[in-house]
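What follows is a set of notes on a single structure, which appears directly below.
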Amino acid sequence: MPLSDVPFDEAPYRFSGNVYGTLLNHRDALAALGAAVNELPYKAPPRAVVLYVKPRNTLVGPGTDVPVGDDAPELEVGASLGLVIGRTACRVCEADALEHLAGYTIVNDISVPHASFYRPQIRFKARDRSCSIGPRVVARRAVVDPGRLAVRVYVDGRLVHENATSGLIRPVARLLAEVSDFMTLLPGDVLMAGVAHGAPKVRAGQRVAIEIDGLGRLENCFVDPREVAA
C-alpha cells in the first residue's frame, strides 16, 4: 500500500511527508548505554529532546518491500508509536498538547546498526524505504491512554521483542509540548515517540510485523534489492 493510501479516521486525512524520530526517549534505551553517556564528547545524559528526520525517500506504507543491501546485510527494526499531528502545534502547553493530535499510528523506523547514539550519520537513518508507516491512523479519542500501550515485534511469525509506551521518559503530551517549544509541527506531520532498547536485527528474506495495542499490525518484507519492485 502506498503511504498516500493509508487511511485516516479524521482530518487532515493524509501525511505531509515530515516525519521526525526521537532518540533515547525510552528508559531502557538510556539505561543500556551505561557510563557511555558520561564520556566525551557528551559528558552527560541528554537534557533536551534529541530529534532526527526521516526524509521523504524513506517513507513507505504497509506491505512495501524493504531492500537489504550488501553494504548492510542486517538492519534494525525500530518499533515506535507515531503521533500524527492534526492541528498546528507551536509552543503548546503539556495540558493541551493532545488536542493537537489527529491520532496515532505504527512506525517501523528501520536503520543500519550503529554505535553513535546522539548524532547517527544520515546514511544510517535515511536509506530508501527505511520508514514504514501504517496500517492506518487511529483517531486520538479512540486511544484512551497512549502511555499504556504494548508494542510487539514479530519476525517470521515469532515474537522477538516486546515493550510498552509506559517506558517513555517523556510521555506523549510532554514530548509534544517540548518539541513544539522550538519547532512548529504541522497537520499531517508524524513525531515518533521513541524506540525501546533491543531493536531486533533482520536480514533479507525475513518478514517483520509490528503490533501496538488498538492500532493494528504493520507488516513489511525485507528483500534483496534486486527483488524490489520499481
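The values are calculated or read from the model by the stated rules, or taken from the named source; none is laboratory data. Since we're looking at a predicted model, the values are computed, not measured. So basically every Cβ, Gly included, is an ideal-geometry build from the backbone, and we count neighbours across all protein chains shown. Just the protein is used for accessible areas: all its heavy atoms, side chains included, with ligands, DNA and RNA removed. Shrake-Rupley method; radii C 1.70, N 1.55, O 1.52, S 1.80 Å.
Worth pointing out:
- When 14, 47, 87 are screened for being in contact with a Pro (Cβ under 8 Å, 6 or more places away or on another chain), among the basic types (Lys, Arg) and either under 20 Å from residue 169 (Cα atoms) or open to solvent by 10 Å² or more (accessible area, probe 1.4 Å) (or both), only 87 passes.
- Any chance residue 92 is at pLDDT below 95, touching a helix residue (DSSP H, G or I) at 6+ places or on another chain (Cβ under 9 Å) and not small (Gly, Ala, Ser): no
- Some residue of the range 105-127 being open to solvent by less than 20 Å² (accessible area, probe 1.4 Å) and at positive phi: no
- Qualifying positions in the range 142-190 - acidic (Asp, Glu) and either part of a loop (DSSP other than H, G, I, E, B) or open to solvent by less than 10 Å² (accessible area, probe 1.4 Å) (or both): 145, 156, 181, 189
- Positions within the range 62-79 being farther than 18 Å from residue 21 by Cβ and within 15 Å of the chain's Cα centre (by Cα), in sequence order: 62
- Residue list for the range 191-214, filter: open to solvent by 20 Å² or more (accessible area, probe 1.4 Å) and of a type in the set (Val, Ile, Thr): 195
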